[in-house]
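The values are calculated or read from the model by the stated rules, or taken from the named source; none is laboratory data. Keep in mind it's a predicted model, so treat the numbers as computed, not measured. Backbone-built Cβ (ideal geometry, glycine too); neighbour counts: all protein chains shown. The area values use the complete protein model at the heavy-atom level, side chains included, leaving out ligands, DNA and RNA. Shrake-Rupley method; radii C 1.70, N 1.55, O 1.52, S 1.80 Å.
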Amino acid sequence: EAKAQGKNSFAIYDNRMNELAVERLELEWDLRNALDHKQLSLVFQPIVDIRTGKMLEVEALLRWEHPTRGMISPTLFIPIAEETGLICSIGLWVFREACYQLHRWGEQYKDLIIGVNVSARQFHQPDFVQQVKRTLSELRVEPCRIKLEITETAMLHDLDTIRSVLEQLRSLGLRIAIDDFGTGYSSISYLSRLPVDTLKIDRSFIIPLGEDKRTDGVVKAMIAMAASLGLQVTSEGIETPQQLEVLRSMGCDRGQGYLFARPLPAGAVAALLEESGSVLSVKA
Ligand code: C2E
Ligand code: MG
Ligand code: MG
Ligand code: MG
């Protein structure tokens, strides 16, 4: 009997594995069509000057409205896009759409910078720099209005390729940020040799700020290191006035998080810029 039961639970486990595999295949299939079916869109999350609250940048974040499952998080579908290689066409669409947004805003918000996330796989396409260049010139976007975000962990493998691509992008005038900083293992020596402008401190370091002396120390050290390398620092995931206060006292340059604003459709960003004169008030 025990044997039968064991077999049974194995069957259940097996079924569950099957379901997961099928679900994943379905998602992959649906993702292949998502672009053509216009299910992808961008939202934009403000990044502010931490001293004044002035909106200086927005980060473009991808959203997928699935016809039957509703909104699917990028943390779920970006890995699928990366594994299948779909990220190259999706990523190009994201870049184009971000440029198009700048184009639409035209002269009106001409100092606003858009951050665009880029996967390692995109950097390894032989014509990536060419695509970027072509898109910028087609939509008449100044390269300095775009900041490409690449995660620290993505930078770590095949550093030579990444560095050479970053150098080409930088010489075109684009800005570069290292995203999710602190989650990889970059050494200071190679950071100083990478052509980057900004470090974005990962949210996991911001969460315990003000509650845990050790994390405070680490964040303080990161900010000091960035300053000594001449890099800007943005903290992501700021949710409380306390976190903001600590970051201010440490001299962090820029902040992003629900305390200021959630990711918003382009129209809502424009409305915020209009009504607030671009200075965001903190939600208590
Ligand atoms: P990321 O680039 O580190 O983006 C920041 C994430 O933190 C976003 O999640 C944002 O909504 C979230 N966030 C911002 N402020 C707060 C806060 O105060 N509290 C909390 N809990 N979360 C906050 P989102 O939009 O779900 O994106 C997740 C990740 O998916 C991104 O992390 C990025 O790695 C990836 N992703 C999103 N869009 C793209 C894209 O167009 N291309 C690529 N390659 N990856 C993308
Ligand atoms: Mg990012
Ligand atoms: Mg990040
Ligand atoms: Mg992150």
Report yes if some residue within segment 228-250 is over 28 Å from GLN108 (Cβ atoms), modelled with pLDDT under 95, open to solvent by 10 Å² or more (accessible area, probe 1.4 Å) and part of a helix (DSSP H, G or I); otherwise report no. yes
Does ARG214 meet the test of being open to solvent by 30 Å² or more (accessible area, probe 1.4 Å), within 11 Å of ligand 3 (Cβ to nearest atom) and closer than 19 Å to TYR185 by Cα?
-> no
The residue that is farthest from LYS54 (Cα to Cα), considering only those in segment 225-284 that are small (Gly, Ala, Ser) and in contact with a Lys or Arg (Cβ under 7 Å, 6 or more places away or on another chain), is GLY237
Condition set assigned to a helix (DSSP H, G or I) and touching a Gly at 6+ places or on another chain (Cβ under 8 Å), scope segment 163-206, selection least open to solvent (accessible area, probe 1.4 Å): answer is ILE206
Here the residues within segment 15-62 that are farther than 20 Å from PHE260 by Cβ, in a loop (DSSP other than H, G, I, E, B) and either of a type in the set (A, V, I, L, M, F, W, C) or out of contact with any Pro (no Cβ under 9 Å at 6 or more places or on another chain) (or both) are LEU35, ASP36, LYS38
How many residues of segment 167-181 are touching a residue at least 24 places away in the same chain (Cβ under 8 Å) and more than 29 Å from ILE207 (Cβ to Cβ)? The answer is 7
Across segment 9-32, the tally of residues that are open to solvent by 50 Å² or more (accessible area, probe 1.4 Å) and either modelled with pLDDT of 90 or more or within 25 Å of the chain's Cα centre (by Cα) (or both) stands at 5
Okay, helices (runs of 4 or more DSSP H) sitting entirely in segment 65-160 with 1 or more residues that are open to solvent by less than 20 Å² (accessible area, probe 1.4 Å) and away from ligand 2 (no atom under 16 Å from the Cβ), I get 74-84, 87-105, 128-138
Exactly one of SER73, SER137 is of a type in the set (Ser, Thr, Tyr) and within 13 Å of ligand 1 (Cβ to nearest atom), and that one is SER73
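Is it fair to say GLY217 is under 23 Å from GLN256 (Cα atoms), away from ligand 2 (no atom under 16 Å from the Cβ) and without any contact (Cβ under 8 Å) to a residue 60 or more places away in the chain?
For GLY217, the condition - under 23 Å from GLN256 (Cα atoms), away from ligand 2 (no atom under 16 Å from the Cβ) and without any contact (Cβ under 8 Å) to a residue 60 or more places away in the chain - is met.
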